[in-house]
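Below: the structure, in structure tokens.
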Amino acid sequence: MHKTVSCCMCKEKAPKYIRVLDEYICEECERVISTLDMDDVRYEYYNIIFKKIWHNFLVTL
């Protein structure tokens, strides 16, 4: 049985996800991130979220 988690990017419940530094990213956000161009307006949003993930991980060390 798979657990359902909340995606740290879109906040939706996700039965399929990847785990990155104690956070969860849903399959859809993973797909978007992996194909995103730096010129896309969403790039900065995802960049900020990844910085927060990294910061939160370092704080817990």
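Tally the residues that are part of a loop (DSSP other than H, G, I, E, B) and not hydrophobic (A, V, I, L, M, F, W, C), restricting the search to segment 32-53. Walk me through how you get there before you give the answer.
We begin by selecting, within segment 32-53, every residue part of a loop (DSSP other than H, G, I, E, B); these are 36-41.
Within this subset, residues satisfying the condition of being not hydrophobic (A, V, I, L, M, F, W, C) are 37, 39-40.
Within segment 32-53, residues that are part of a loop (DSSP other than H, G, I, E, B) and not hydrophobic (A, V, I, L, M, F, W, C) number 3.
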Legend entry - Positions within segment 1-31 being over 14 Å from ILE49 (Cα atoms) and part of a helix (DSSP H, G or I), in sequence order: GLU27, GLU28, ARG31
Legend entry - Close pairs from segment 44-59: first more than 11 Å from GLU23 (Cβ to Cβ), partner surrounded by 13 or more Cβ atoms within 10 Å (Cβ to Cβ) and of a type in the set (A, V, I, L, M, F, W, C), Cβ under 7 Å, at least 6 apart: TYR46/MET9; TYR46/ILE33; TYR46/LEU36
Legend entry - Qualifying position, being β-branched (Val, Ile, Thr) and modelled with pLDDT of 95 or more, among VAL32, VAL41, VAL5: VAL32
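Residue-wise test of (1) touching a Cys at 6+ places or on another chain (Cβ under 8 Å); (2) not aliphatic (A, V, I, L, M).
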{"residue": "GLU12", "(1), (2)": "yes, yes"}
{"residue": "LYS16", "(1), (2)": "yes, yes"}
{"residue": "GLU28", "(1), (2)": "yes, yes"}
{"residue": "VAL32", "(1), (2)": "no, no"}
{"residue": "LEU36", "(1), (2)": "no, no"}
{"residue": "LYS51", "(1), (2)": "no, yes"}
Inset, instruction - Filter segment 29-50 for residues that are closer than 21 Å to VAL5 by Cα, among the charged types (D, E, K, R) and more than 10 Å from the chain's Cα centre (by Cα) and give the result. - result: ARG31
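Quick check: is even one residue across segment 35-43 surrounded by 10 or more Cβ atoms within 10 Å (Cβ to Cβ) and among the polar types (S, T, N, Q)?
Here is the first cut: in segment 35-43, the residues surrounded by 10 or more Cβ atoms within 10 Å (Cβ to Cβ) are 36, 40, 42-43.
Filter again for among the polar types (S, T, N, Q), leaving none.
No, there is no match, as no residue in segment 35-43 is surrounded by 10 or more Cβ atoms within 10 Å (Cβ to Cβ) and among the polar types (S, T, N, Q).
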Legend entry - Search result, residues across segment 29-43 that are out of contact with any Leu (no Cβ under 9 Å at 6 or more places or on another chain) and either of a type in the set (A, V, I, L, M, F, W, C) or closer than 18 Å to LYS11 by Cβ (or both): CYS29, GLU30, ARG31, VAL32, ILE33, LEU36, MET38, VAL41
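The values are calculated or read from the model by the stated rules, or taken from the named source; none is laboratory data. Values in this document were obtained by computation on a predicted structure and should not be read as measured data. Reconstructed Cβ throughout: ideal geometry from the backbone, glycine too, with neighbour counts over all protein chains shown.
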